[in-house]
Amino acid sequence: MNSPIFRDIATLIARVGLGIVFIAHGWQKLNTNGLDATKAGFEGMGVPLPQASAYFATFVELVGGVALVLGIFTPIVGILLFLDMLGAFLFVHYELGVFVSDGGYELVVALGVAALLLAAVGGGRFSLDGVFGSKTSFAKSRA
């Protein structure tokens with residue numbers, strides 16, 4: 001199953017699904033909790049620069065999630081989302097073990113590596129990057 005159409009459809013589904021999850025988490029930080037509560041939560045968890053980290057996480061997840069759904073600037077957004085999840089892994093979840101039910105890192109690892117994979121392969125043919133022939137794809141640089 002290495003046909004180009006299968007790869008593009010799989011990339012579309014993965015990109016949209018991942019984008020929706022990131023939008024939900026960014027929206028939660030912005031509107032459900034609020035930026036002040038997100039900052040306070042980050043302070044309580046020992047996240048460095050909690051105000052800057054709260055703003056970064058909130059807007060990278062929210063705007064980055066929308067960008068993934070649309071498939072625009074996919075490699076750049078994928079790296080930013082990977083870095084966001086790397087921070088969550090290192091500063092919050094690592095010491096709590098694997099399982100998310102214990103506050104562990106399984107979700108941030110899954111989200112982070114999926115974002116990194118999209119950064120590497122690009123948004124696919126069914127993305128704004130694909131429609132406009134974006135030169136930002138790392139996958140194109142291999143050709």
Checklist entry - Among the listed residues Glu43, Glu61, which satisfies the condition of being among the acidic types (Asp, Glu), out of contact with any strand residue (DSSP E or B) (no Cβ under 9 Å at 6 or more places or on another chain) and surrounded by fewer than 17 Cβ atoms within 10 Å (Cβ to Cβ)? => result Glu43
Checklist entry - Since Pro50 meets every condition but one in (1) open to solvent by 20 Å² or more (accessible area, probe 1.4 Å); (2) under 15 Å from the mean Cα position of the chain (by Cα), which condition does it not meet? => result (2)
Item to check | Residues (under 11 Å from the mean Cα position of the chain (by Cα) and in contact (Cβ under 8 Å) with a residue 60 or more places away in the chain) located in segment 7-43 | outcome: Arg15, Leu18, Val21, Phe22
Checklist outcome for this item: Log entry, pairs with first residue in segment 111-135 being closer than 12 Å to Val77 by Cα, second being among the basic types (Lys, Arg), beta carbons closer than 9 Å, six or more apart or on different chains, reads Leu118/Arg15; Gly122/Lys140; Gly123/Arg15
Next on the checklist: Can you say whether Gly17 is surrounded by fewer than 20 Cβ atoms within 10 Å (Cβ to Cβ) and at positive phi, as far as the supplied structure shows?
Outcome noted: no
Checklist entry - Failed condition for Ser101, given (1) among the hydroxyl-bearing types (Ser, Thr, Tyr); (2) open to solvent by 70 Å² or more (accessible area, probe 1.4 Å); (3) touching a residue at least 24 places away in the same chain (Cβ under 8 Å), with all others met? => result (3)
Item to check | Considering residues of segment 121-130 that are assigned to a helix (DSSP H, G or I) and open to solvent by 30 Å² or more (accessible area, probe 1.4 Å) only, the residue modelled with the lowest pLDDT | outcome: Gly130
Item to check | Test set (1) open to solvent by less than 60 Å² (accessible area, probe 1.4 Å); (2) within 18 Å of the chain's Cα centre (by Cα) - Gly133 fails condition number | outcome: (2)
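The values are calculated or read from the model by the stated rules, or taken from the named source; none is laboratory data. Keep in mind the model is a prediction, meaning the values are calculated, not measured. Cβ: placed from backbone, ideal geometry, glycine included. Neighbour counts: every protein chain shown. Surface areas here come from the heavy atoms of the whole protein model, side chains and all, with no ligands, DNA or RNA. Shrake-Rupley method; radii C 1.70, N 1.55, O 1.52, S 1.80 Å.
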